[in-house]
Amino acid sequence: MQRRYISSGSSFEAQIGYSRAVIDGDWIHVSGTTGFDYRDMSIADDVVTQCGQALENLAAALAAADAHFADVVRVRYLMPRAADFEPCWPLLRAAFGAAPPAATMMVVQLIDPRIKIEIEATARLSAATQHRTL
C-alpha cells in the first residue's frame, strides 16, 4: 500500500512543511491538532472550546482516512497548563469513551501562546474498517 498524505487546509501545514495526517498501510498518524478553526484561522480564548474544535479537526482528519475515533489506539494531549486538562475530560470521554485509547497528557510550551491544547493521535484501521471502505 502506498503512503497517502492528508491536508486540512491549515496555512500552518504549508508554512511549516507537514501533513495533517499520514496513512501508511493500516496506520494513520495524525499531527498535533489544535483548536484553530481552519476555515478562517480563528481560535477561541477558552480551553474547552479549543478542545471541542481540536476534536472536530481530528475527526475530519480521521474521516479523510476512512477512520473514526474508535480506530484511535494512542492519543497525546499537549497543554501549557495542567489545570486546563480536567475541564476537557467530558469532551474527551465523549469522543474516546467507547473505545478508550492509550493516552498521555504532557505539560509543554506550545508554539503559539493562544493555543491551550494540542491533540496528537495514532489510529489503526481494523479489518472491519478496511472492508467497510472498499
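What number of residues within segment 1-32 satisfy the criterion of being among the polar types (S, T, N, Q) and in a strand (DSSP E or B)?
So the first thing to find is which residues in segment 1-32 are among the polar types (S, T, N, Q), and the list is 2, 7-8, 10-11, 15, 19, 31.
Within this subset, residues satisfying the condition of being in a strand (DSSP E or B) are 31.
So the count comes out to 1.
Quick check on my filter: what residues within segment 16-46 are more than 15 Å from the chain's Cα centre (by Cα) and either of a type in the set (A, V, I, L, M, F, W, C) or at pLDDT below 85 (or both)? Reasoning before the result, please.
Of segment 16-46, the ones more than 15 Å from the chain's Cα centre (by Cα) are 16-17, 24-26, 39-46.
Residues satisfying the conditions are 16, 17, 41, 43, 44.
With (1) under 21 Å from residue 23 (Cα atoms); (2) surrounded by 19 or more Cβ atoms within 10 Å (Cβ to Cβ); (3) of a type in the set (D, E, K, R) as the list, and residue 74 as the residue in question, which single condition is left unmet?
(2)
Mind checking whether some residue in segment 96-110 is closer than 20 Å to residue 10 by Cα, in contact with a strand residue (DSSP E or B) (Cβ under 9 Å, 6 or more places away or on another chain) and either outside any strand (DSSP E or B) or in contact (Cβ under 8 Å) with a residue 12 or more places away in the chain (or both)? Reasoning before the result, please.
So the first thing to find is which residues in segment 96-110 are closer than 20 Å to residue 10 by Cα, and the list is 110.
Among the residues that remain, those that are also in contact with a strand residue (DSSP E or B) (Cβ under 9 Å, 6 or more places away or on another chain) are: 110.
Filter again for either outside any strand (DSSP E or B) or in contact (Cβ under 8 Å) with a residue 12 or more places away in the chain (or both), leaving 110.
The answer is yes; a qualifying residue exists.
With (1) part of a strand (DSSP E or B); (2) modelled with pLDDT under 95 as the list, and residue 132 as the residue in question, which single condition is left unmet?
(1)
Restricting segment 1-15 to residues that are farther than 14 Å from residue 41 by Cβ and hydrophobic (A, V, I, L, M, F, W, C), which is nearest to the chain's Cα centre (by Cα)? Step through it out loud before you land on a result.
Step one: list which residues in segment 1-15 are farther than 14 Å from residue 41 by Cβ, which gives 1-7.
From what is left, the residues that are hydrophobic (A, V, I, L, M, F, W, C) are 1, 6.
On the way: 1: 23, 6: 13 Å.
Among those that are farther than 14 Å from residue 41 by Cβ and hydrophobic (A, V, I, L, M, F, W, C), it is 6.
The values are calculated or read from the model by the stated rules, or taken from the named source; none is laboratory data. Nothing here was measured: the structure is a model prediction, and the numbers come from that model. Every residue, glycine among them, receives a Cβ derived from its backbone with ideal geometry; neighbour counts consider all protein chains shown.
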